[in-house]
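The values are calculated or read from the model by the stated rules, or taken from the named source; none is laboratory data. Note that the coordinates shown come from a computational prediction; the quantities given were computed from them, not determined experimentally. Note that we place each Cβ from the backbone using ideal geometry, even for glycine, and neighbour counts take in every protein chain shown.
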Amino acid sequence: MIFEASRAKALDQLNNFVDNNLAEYSKLRNFDFGPEKRSNISCLSPYITHGIINEREVIHKALNKFSFLKNEKFIQEVLWRTYWKGWLELRPNVWTDYLIELNQIKNEFRNNKDYLDATEGKTNINCFNEWVKELKEKNYLHNHTRMWFASIWIFTLELPWQLGAEFFMQHLYDGDAASNTLGWRWVAGVQTQGKHYLASEWNIKKFTNNRFQNIKLNENAPPKISEKSYQIIKQDFNNPQNVEEKNLLIFENNLSFEITDFKEKNFKKIYLVHNKNENRSIKLNEKLVKFKSQLTEDQEQRLKDQSIDCQIINISEIKNIENCCGLYPTVGENLDFLNSNNLKIDFLYRKLDQLAWQFCNKGFFNFKNYIPKIISSLN
Ligand SMILES: Cc1cc2nc3c(=O)[nH]c(=O)nc-3n(C[C@H](O)[C@H](O)[C@H](O)COP(=O)(O)OP(=O)(O)OC[C@H]3O[C@@H](n4cnc5c(N)ncnc54)[C@H](O)[C@@H]3O)c2cc1C
């Protein structure tokens, strides 16, 4: 699987998946057949994470092909992302605390041999070593493999989940503060307190089509315990009035202005905000920085083709831009930069998020009940 950094390629990928593989998605999605055989899943996450294509577009395309009932599993998966995002928006301290804990643990583990061996794929668990290699080479892992990987990291290698989450963020093209942090918390057993995910030999063998043998894991470890609990912080996700004629900031999560809810508005100028490593707590691998740059340049070109005045800027240059509003960057590194530099910006929220995030106060099981309502609002 090669992820080419353009909207045209993302649309090809979406169309190809819906036309040829969506029908079998719910039956085959849990299988990891290997990095060269990814047609059973969509591989759209690097694009959706960056807003190159969005959930609405993906769900529309799927519903044009099959009924809601036939699409139910796929749509649920697409909306897991929206759910995790909303869950974190209501409890932003989970992200802040994660970064604080990470900072402390990183110092402790700087020279830890087990940690270094894990990140270099030099453990005595063959499948894990293969996945480390795949993560670094392909910058993507299958969902089931992410679960096994995180579980082995935490319960067999006995390493802190915070370091594993950082390792994923450094290498995944789809690295996302919400899906990643909460995915790792969920595997560890601190997201749903007391419920963890334990990888097992039979499960890995079955869902990798017996590609790996002799996998010795700790299959009886208890869940991790966290004393912290997080209350919901009530927030308004309302859009400001009168945004026309302002400058618009677009961050790395919304890199297709032409499909946003705000595409009809007349902004004075659009600034595409690039965030290089110097302003990130988690330093990204060179390939990720390049991928993000190319996606930003692709958006710039598409805007220029429509004669829209636009410019790519570094995040540190935002302070020089007056009279601006911005597409909401969501909890994560970009919002952290704005907050820590006291840059107050009027945010524009997507209709999907305004509706869906109010249902993220409880678990996904509860959220699922609102999916038909969310879908009908997408029309
Ligand atoms: C420990 C761990 C870390 C993860 N880190 C990330 C991350 O940093 N960024 C990220 O985008 N996803 C993350 N995920 C979720 C999931 O693994 C990926 O979104 C998925 O594998 C992407 O592949 P796909 O596009 O082929 O998915 P498909 O199976 O084709 O699903 C379609 C879309 O649904 C969404 N989706 C599917 N499963 C999930 C899920 N469990 N959670 C959230 N959204 C989902 C994605 O947008 C995906 O593109 C993580 C999961 C785990 C267990």
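Just one of the listed residues (283, 276) is of a type in the set (Lys, Arg), more than 20 Å from residue 9 (Cβ to Cβ) and at pLDDT below 95, namely 276. If you check 22, 14, 28, 63 for being assigned by TED's automatic domain parsing to the domain that holds residue 371, within 20 Å of the chain's Cα centre (by Cα) and not small (Gly, Ala, Ser), only one passes: 14. Selection of helices (runs of 4 or more DSSP H) fully inside segment 1-53 by the criterion of at least 3 residues being buried (at least 21 other Cβ atoms within 10 Å of the Cβ) returns 7-20, 45-49. Taking the condition polar (S, T, N, Q) and more than 19 Å from the chain's Cα centre (by Cα), does residue 139 pass? Taking the combined requirement at face value, the residue does not satisfy it. Of all the numbered requirements in (1) away from the ligand (no atom under 12 Å from the Cβ); (2) surrounded by 15 or more Cβ atoms within 10 Å (Cβ to Cβ); (3) of a type in the set (Val, Ile, Thr), residue 100 misses one, and that requirement is (2).
In segment 318-338, how many are in contact (Cβ under 8 Å) with a residue 24 or more places away in the chain and surrounded by fewer than 17 Cβ atoms within 10 Å (Cβ to Cβ)? Break it down into steps so the answer makes sense when it comes.
Taking segment 318-338 first, the residues in contact (Cβ under 8 Å) with a residue 24 or more places away in the chain are 318-319, 321-334, 336-337.
Next cut, surrounded by fewer than 17 Cβ atoms within 10 Å (Cβ to Cβ) only: 319, 322-323.
Count: 3.
Looking at this structure, is residue 35 in contact (Cβ under 8 Å) with a residue 12 or more places away in the chain and within 9 Å of the ligand (Cβ to nearest atom)? If you could, list the steps in order and put the result at the bottom.
Values: in contact (Cβ under 8 Å) with a residue 12 or more places away in the chain: yes; within 9 Å of the ligand (Cβ to nearest atom): no.
In short, no.
Of everything in segment 142-151 that is of a type in the set (A, V, I, L, M, F, W, C) and more than 16 Å from the chain's Cα centre (by Cα), the residue that is nearest to the ligand (Cβ to nearest atom) is 149. Do we have any residue at all in segment 56-72 that's within 9 Å of the ligand (Cβ to nearest atom), modelled with pLDDT of 95 or more, closer than 23 Å to residue 250 by Cα and out of contact with any Phe, Trp or Tyr (no Cβ under 8 Å at 6 or more places or on another chain)? Within segment 56-72, one or more residues are within 9 Å of the ligand (Cβ to nearest atom), modelled with pLDDT of 95 or more, closer than 23 Å to residue 250 by Cα and out of contact with any Phe, Trp or Tyr (no Cβ under 8 Å at 6 or more places or on another chain).
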